[in-house]
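See structure below.
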Amino acid sequence: MRENNIILKSVGGFYYVKSGEEIIECKAKGKFRNLSLSPVAGDIVDIENDGSTPVVSKIHERKNKFIRPPFANLDLMILVVSTVEPVPNYLVIDKMCAIARHKNVDVAIVVTKSDVAEAQQVMETYTKAGYPVFCTGENDEEQLAQLKQLMDGRLCAFSGNSGVGKSTLLNKLFPDLQLETGRISKKLGRGKHTTRQVEIFDMDNCMVADTPGFSSVELDYDNFISKTDLQYAFIEFEEYIGGCRFNDCSHTNEIGCAVKAALAEEKIAHSRYESYCALYERQKNIKDWEL
Ligand SMILES: Nc1nc2c(ncn2[C@@H]2O[C@H](COP(=O)(O)OP(=O)(O)O)[C@@H](O)[C@H]2O)c(=O)[nH]1
Ligand SMILES: [Mg+2]
Ligand SMILES: [Zn+2]
């Protein structure tokens, strides 16, 4: 279990910090106020208790940081994909995998609704890429136990389009949650441009971040990956990159490309390669001054 103080959420200038078994309501020290350094959910912090209100006095170095939604120190991103309703959007999944890699976050894939349609193709695609893949539907107790083991002691976030079965999966993992399923969550009383806050739930030794809007994170702006870094964000490309004829091979149209050779030998899944090319094409056209 974590021994550090971790910010679970921030509301109206207060930070709720888990310290051992306690939750401490804190303010932030004045020095943070004008800096982009202000504390976010997931931050590991020091607390000072010099007056009536405890204050966050120091933010420990972050493993990573997301700006929209704002949180830090994510260990594991669990990408939830359903076989049907909706069918997998490979480009979105691969984009999230790339962002995770770039931000030093591990990825696990959970394929839901295997009781309704064949899950094999999507499972094979990501197993081949090297990700841990789990499958849920009927008789999935063993798979859920293994997933929970992977989550143990880490800060995790779930991502996936509406309807893929995130709430259903969370209820299966943590029955006490009793989340509502089968409904599209309404943005009650929220302005269109209000950023919802992240809240971290502490459950059975796992920290699970509720990260609104985390299913449609973009590669530009907050999560920019340059066209030359993109190849490293596709984890299964790595062993081939050095084998290309040209040092600066983009793996799109060059001769002597080891990545394309691996693709031809089916060592790399076609959908993964297509996502890489589509994202490369996009990143190529983003100029520095646009960022
Ligand atoms: N048959 C089947 N239906 C599922 C499964 N997982 C989720 N569902 C259904 O899919 C719908 C959307 O699930 P929900 O958990 O609300 O998705 P969310 O929007 O990602 O939170 C609900 O009607 C669920 O009952 C599954 O593994 N098998
Ligand atoms: Mg839901
Ligand atoms: Zn190449």
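The values are calculated or read from the model by the stated rules, or taken from the named source; none is laboratory data. In this text, all values refer to a predicted model and were calculated from it rather than measured experimentally. Virtual Cβ from ideal backbone geometry, glycine too; neighbours counted across all protein chains shown.
Assorted remarks:
- One residue alone among Glu25, Glu21 is away from ligand 1 (no atom under 16 Å from the Cβ), among the acidic types (Asp, Glu) and at pLDDT 95 or above, and that residue is Glu25.
- The condition (being among the aliphatic types (A, V, I, L, M), more than 21 Å from Ala209 (Cα to Cα) and under 18 Å from the mean Cα position of the chain (by Cα)) is satisfied by just one residue among Leu74, Leu91, Leu79: Leu91.
- Where a residue in the stretch 238-252 is not assigned by TED's automatic domain parsing to the domain that holds Arg101 and its partner, wherever it lies, is more than 16 Å from ligand 1 (Cβ to nearest atom) and in a loop (DSSP other than H, G, I, E, B), with Cβ under 6 Å and at least six apart: Cys244/Cys257; Arg245/Gly256; Phe246/Glu254; Cys249/Cys257; His251/Cys257
- Selected residue (criterion: nearest to ligand 2 (Cβ to nearest atom)) from residues of the stretch 112-125 that are within 22 Å of the chain's Cα centre (by Cα) and in contact (Cβ under 8 Å) with a residue 24 or more places away in the chain: Thr112
- Which numbered condition Asn64 misses (of (1) closer than 21 Å to Leu279 by Cβ; (2) touching a Lys or Arg at 6+ places or on another chain (Cβ under 6 Å); (3) touching a residue at least 60 places away in the same chain (Cβ under 8 Å)): (3)
- Residue among Thr228, Thr211 that alone is closer than 29 Å to Lys260 by Cα and at pLDDT below 95: Thr228
- Leading residue by the ranking (surrounded by the most Cβ atoms within 10 Å (Cβ to Cβ)) among those in the stretch 132-175 that are of a type in the set (Val, Ile, Thr) and within 12 Å of ligand 2 (Cβ to nearest atom): Val164
- Test result for Gly213, within 16 Å of ligand 2 (Cβ to nearest atom), assigned to a loop (DSSP other than H, G, I, E, B) and either in the same structural domain as His102 (by TED's automatic domain parsing) or loosely packed, with under 14 Cβ neighbours inside 10 Å (or both): yes
- Filtered residues of the stretch 188-198 (kept if at pLDDT below 85 and under 20 Å from Ala157 (Cα atoms)): Thr195, Arg196, Gln197
Yes/no per residue for (1) out of contact with any strand residue (DSSP E or B) (no Cβ under 8 Å at 6 or more places or on another chain); (2) surrounded by fewer than 20 Cβ atoms within 10 Å (Cβ to Cβ); (3) farther than 25 Å from Phe201 by Cβ:
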{"residue": "Pro39", "(1), (2), (3)": "no, no, no"}
{"residue": "Asp43", "(1), (2), (3)": "no, no, no"}
{"residue": "His60", "(1), (2), (3)": "no, yes, no"}
{"residue": "Asn73", "(1), (2), (3)": "no, no, no"}
{"residue": "Ile78", "(1), (2), (3)": "no, no, no"}
{"residue": "Thr83", "(1), (2), (3)": "no, no, yes"}
{"residue": "Leu91", "(1), (2), (3)": "yes, yes, yes"}
{"residue": "Asn104", "(1), (2), (3)": "yes, yes, no"}
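- Selection status of Ala233, surrounded by 19 or more Cβ atoms within 10 Å (Cβ to Cβ) and away from ligand 2 (no atom under 16 Å from the Cβ): yes
- Considering residues of the stretch 236-251 that are out of contact with any Asp or Glu (no Cβ under 8 Å at 6 or more places or on another chain) and not in a helix (DSSP H, G or I) only, the residue farthest from ligand 2 (Cβ to nearest atom): Asn247
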